[in-house]
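Have a look at the structure below before the remarks.
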Ligand code: CUA
């Protein structure tokens, strides 16, 4: 085996960093900000990177100078220039740069405080192992794993947790904020343009931490208002014999002991509210796109799809599964 050359090692490391950090599509990046909060964080990040590169180059330059100009001066008293460099570079420069960065960081942090706008929409997000409960308290809307917001408007975000510590992070829109049981942390998000922004849990919270995902979907004002109106309505009634049979199975078995469906007798809050299940883009907190087949797969084999989640596997006959899927896929 040959020893890799330093240059090829450096190239490999750089290439790997690029593949991991910038190459993959659909990976949200805080360096592609789409909201005010993320923009401020990205600006600070670039400034810090620029300064670090400047300081690094200066140190390398001085080091090079020292290496090539050693001469025979070891016993001599250091010159005035040397002393100036030692105190300037070793004490004065850090004393200037570090407090300046500290102040800039404080200014950025205070700019991330919740919006003062009393008109702003409030969204409450509660972290669960391993999904997100999303509530619009002023509109009587409860949903899961998806936050719809009007584009171009700041939204007040109140976050907490129902079990362990999670962390709410939508890199393109805002910095991370911890979700702590028994405490409500407040911040804001906004998205300049309509679009879907992926979010993730940023605090290790158990076996399915990596699959605790959500989407923030920013829509034009009127589309958002339509969505909010539809979401505040009770569930669509089962409209076929098969769907009604599915509803009866849902209510009579374990399903209704954990989930809510507005307008029916199901009123539990261990699992996500299913009133408008099919209107959401994903199932199981971003694991599967919402399709009929995926609904079937998810409810039949929850531990196969997302091992360690709290949804138990249920036993039904084939025709009972058909009825349940028919009922659930009608919840639009
Ligand atoms: Cu929730 Cu990690």
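Bear in mind that the values in this text are calculations on the coordinates, not laboratory data. Only a predicted model underlies this, so the values are computations on that prediction, with no experimental measurement involved. Cβ placement follows ideal geometry from the backbone for every residue including glycine, while neighbour counts extend to all protein chains displayed.
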**Fill in**
Largest fluctuation, 306, 176, 229 only, Gaussian network model of the chain with Cα springs under 10 angstrom, belongs to 229
**Complete:** Taking a ≥ b ≥ c as the square roots of the Cα gyration tensor eigenvalues, with a/c under 1.5 meaning rounded and otherwise prolate when a/b beats b/c or oblate if not, the chain comes out prolate
**Message:** Quick check: pseudo-label points 7 Å beyond the Cα along Cα→Cβ at residue 162 and residue 109, how many nm apart are they?
**Reply:** 3.2
**Message:** Could you compute Rg(Cα) / (2.2 N^0.38 Å) for the stretch 36-184, with N its residue count?
**Reply:** 1.67
**Request:** Within 10 Å of each residue's Cβ, count the other Cβ atoms and sort 153, 237 from fewest upward.
**Result:** 237, 153
**Asked** Tilt of helix 93-111 relative to the longest C-alpha principal axis of the chain, in degrees (0 to 90, nearest 10)?
**Response** 20
**Request:** Just grab the label-to-label distance for residue 85 and residue 248, each label 7 Å out from Cα along the Cβ direction, in nm (one decimal).
**Result:** 9.0
**Request:** Counting helices only, and only those DSSP H runs with n ≥ 4, report the 222 nm mean residue ellipticity of the chain as the sum of -39,500 (n - 2.57) divided by its residues, in deg cm²/dmol to the nearest 500.
**Result:** -12000 deg cm²/dmol
**Item:** GNM result for the chain, Cα springs below 10 Å: residue of 47, 112, 62 fluctuating most strongly
**Value:** 62
**Fill in**
Distance in Å, no decimals, from the C-alpha centre of the stretch 84-163 to the one of the stretch 270-327 is 33
**Message:** If I build a Gaussian network model for the chain, linking alpha-carbon pairs within less than 10 angstrom, which residue out of 60, 155, 27 has the largest mean-square fluctuation?
**Reply:** 60
**Message:** As a footprinting exposure proxy, order 275, 184, 81 by other Cβ within 10 Å, with the fewest listed first.
**Reply:** 81, 184, 275
**Request:** Can you tell me the 0 to 90 degree angle between the C-alpha axis of helix 241-252 and the longest principal axis of the chain, rounded to 10?
**Result:** 70
**Request:** Return, ordered by residue number, the residues of the stretch 77-108 whose backbone nitrogen is under 20 Å from a label point located 7 Å along Cα→Cβ of residue 65.
**Result:** 77-97
**Between helix 221-232 and the chain: long-axis angle, C-alpha atoms, 0 to 90°, nearest 10** = 50
